[in-house]
């Protein structure tokens, strides 16, 4: 599949050419959403009959919920890095931002970033490796040029903030604090950048320091995105809660790699990347349940994410303790997945005589069962 109409030049990042980097980073973002790329995605996705979906414009009762003081239409949250800056899937016929409770925008840093060298994405069995490297046009461009184009009456928009230093996190947080964004997600767990990110997220002390500093820089709801690549995610969650986070996103991608056996070289240009997709769902479910044990006493909600591809997956995360469910990689092969999930959740609530989706959260019965006795 053709990704770009022509090859992109690679500019070596140097302090002597900051404006050139900014222009190129902005141009890459603009070209990636230009007519040529849009037409390819649109022409494929508009044949919605292939997905076997039935259009249903009636809002399902019982799916609305409160999340950090925000009213969401349903528990579905589109994840950062999978939907651009909120406009990507609006070009797909049959998709609407109104179909989801919230959208987390692409990771944003203080200055523009070109991201990692290719290859950046590689399909794996039941999953996908990515090492984009936080490519983005910088927070000033996002706040001044992108946010004004979003329709905040359709859904909730959440900024995703990344940084290489504590000071950068604070700078970006403050910029978003003075914007119409509904909430801010702090990414302390990115596994595909060489500085910051995963180093912050795997050290509970550093995680708490970042969250505490970000908490002081904004009055908006603060969500901390936790890494699964650590020894004790529940302890890290506890430290982040004590530092002032309002919610937790569990989990980010797992660190992984792929090798070209013939060339004996890594497939990903960054060597390692983040693994997402159905392959990581069992791990994500366990991490959500573990974090729920420490989050529940504080009333801290969880965005459960990792491999959700259908309504049953989403239900499992809710039962494990997630208040909302994040959908990301699943959109790549089914852009209209969200309506299918909300319809499935609504059907489950009706069959189990539940009136609100919140009644399902954290209802997992993990008590020991008699040996040899397992029923569904």
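Would you mind telling me the antiparallel percentage of the DSSP bridges in the range 58-360, rounded to 5? Please report the intermediate quantities before stating the final value.
Numbers: 16 of 43 bridges.
Restricted to the range 58-360, the bridges split so that about 35 percent are antiparallel.
Using R₀ = 41 Å, calculate the FRET efficiency as 1/(1 + (r/R₀)^6) where r is the Cβ-Cβ separation of residue 261 and residue 296; round to 0.05. Please report the intermediate quantities before stating the final value.
Working: r = 46 Å, r/R0 = 1.12.
Plugging the Cβ-Cβ distance into 1/(1 + (r/R0)^6) gives 0.35.
Once the Cβ-Cβ distance between residue 232 and residue 174 is put in as r, and R0 is 25 Å, what FRET efficiency do you end up with, to the nearest 0.05? Before the final figure, lay out each step's value.
Working: r = 31 Å, r/R0 = 1.24.
About 0.20, to the nearest 0.05.
Computed FRET efficiency, Cβ-Cβ of residue 242 and residue 355, R0 35 Å: what is it to the nearest 0.05? Intermediate values should be presented prior to the final figure.
On the way: r = 34 Å, r/R0 = 0.98.
E(calc), rounded to 0.05, equals 0.55.
To the nearest µm²/s, what D does Stokes-Einstein give for the range 62-125 at 37 °C and 0.692 mPa s, using the Kirkwood radius over alpha carbon pairs as Rh? Mind dumping the intermediate values first?
Values: Rh = 14.2 Å.
Approximately 232 µm²/s, per Stokes-Einstein.
Quick check on packing: order 270-280, 287-297 by the mean number of other C-beta atoms within 10 Å, highest mean leading.
Put in order of decreasing packing, that is 270-280, 287-297.
To the nearest whole percent, what portion of all C-alpha pairs in the range 301-343 is separated by more than 17 angstrom?
I get 21 percent for the Cα pairs in the range 301-343 exceeding 17 Å.
With contacts defined as alpha carbon pairs under 8 Å and 6 or more residues apart, what's the relative contact order of the range 58-360 in percent?
19 percent.
Per 0.36 nm of contour for each residue apart, how much would the distance between residue 90 and residue 219 grow if the chain were fully extended, relative to their Cα-Cα spacing?
This chain segment gains 43.5 nm when fully extended.
For the range 58-360, what are the per-bin percents of Cα-Cα distances with bins 10 Å wide, up to the bin holding the maximum?
In whole percents, the pair-distance histogram is 6, 30, 38, 21, 4, 0.
Here, each number is a calculation from the coordinates, and none is a lab measurement. Keep in mind it's a predicted model, so treat the numbers as computed, not measured. Every residue, glycine as well, gets a Cβ built from its backbone with ideal geometry; the counts of neighbours run over all protein chains shown.
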